[in-house]
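Heads up: the structure comes next, in structure tokens.
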């Protein structure tokens, strides 16, 4: 379980077939082999830790359901270690299970980003609801079914990959897990 508060921007060192290697400082100090780390919002398992870098094996499922396959050496990635029982929950509950890949339509001068989600996720995106975009916990500012907006403050633009993203870039989306549970429970009663 994660909070969507990015701890560090890592840098992709290598991505070949099913292995991703990321250079990082902070996260690597407390991410032993077997630990979970959110990489652009995708929960991955550390398989190697050494020399200031972490390696992760990627399954076909992960590559098909996320935007990780678009990464290349030099690409920045958002990194977060999982919460502990004594960690503040500063964002929202984020599982690291990507629900779909959206497309960044643009970021205005005011920091408002517009994102096109897959049609299957639009019903979960409600004004003032939570969404994780590339692992970043954000509040939905507006949603019309075809797109949604989030307000990005200068710190978020500086400390995450969202400040480096361009229109058309794919982004990993994780909608609020509580909304999915409510839908399932209500659907079973009707």
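The values are calculated or read from the model by the stated rules, or taken from the named source; none is laboratory data. Not measured: the values here are computed from a predicted model. Positions of Cβ are backbone-derived with ideal geometry, glycine not excepted, and every protein chain shown enters the neighbour counts.
Details
- Here residue 132 clears all of (1) modelled with pLDDT of 95 or more; (2) closer than 20 Å to residue 177 by Cα; (3) more than 16 Å from the chain's Cα centre (by Cα); (4) not in a loop (DSSP other than H, G, I, E, B) except the condition numbered (3).
- Filtered residue count, segment 71-82, keeping only those that are out of contact with any helix residue (DSSP H, G or I) (no Cβ under 9 Å at 6 or more places or on another chain) and under 19 Å from residue 45 (Cα atoms): 2
- Unmet requirement for residue 94, which otherwise passes all of (1) over 18 Å from residue 12 (Cβ atoms); (2) exposed (fewer than 13 other Cβ atoms within 10 Å of the Cβ): (2)
- Some residue of segment 127-134 being in contact with a strand residue (DSSP E or B) (Cβ under 9 Å, 6 or more places away or on another chain), more than 17 Å from residue 41 (Cβ to Cβ) and outside the structural domain of residue 44 (by TED's automatic domain parsing): yes
- If you filter segment 135-148 down to residues that are in contact with a strand residue (DSSP E or B) (Cβ under 6 Å, 6 or more places away or on another chain) and not in a strand (DSSP E or B), you find that the one that is nearest to residue 88 (Cα to Cα) is 135.
- When residue 115 is tested against (1) over 15 Å from the mean Cα position of the chain (by Cα); (2) in a strand (DSSP E or B), just one condition goes unmet, and that condition is (1).
- Meets criteria (in contact with a helix residue (DSSP H, G or I) (Cβ under 6 Å, 6 or more places away or on another chain) and either outside any strand (DSSP E or B) or not assigned by TED's automatic domain parsing to the domain that holds residue 159 (or both)) for residue 85: no
- Selection within segment 28-58: residues that are surrounded by 15 or more Cβ atoms within 10 Å (Cβ to Cβ) and not in a strand (DSSP E or B). The member of this set that is nearest to the chain's Cα centre (by Cα) is 41.
- Pair list, Cβ under 7 Å, 6 or more apart: segment 70-84 residue at pLDDT below 95, other residue part of a loop (DSSP other than H, G, I, E, B) and crowded, with 17+ Cβ neighbours inside 10 Å: 83/3
- Residue 168 vs. criteria out of contact with any helix residue (DSSP H, G or I) (no Cβ under 9 Å at 6 or more places or on another chain) and more than 26 Å from residue 74 (Cβ to Cβ): no
- Filtering segment 10-27 to residues that are loosely packed, with under 14 Cβ neighbours inside 10 Å and in a loop (DSSP other than H, G, I, E, B) leaves 17, 18, 25, 26.
- Test: residue in segment 176-186 that is under 18 Å from residue 116 (Cβ atoms) and in contact with a strand residue (DSSP E or B) (Cβ under 7 Å, 6 or more places away or on another chain): no
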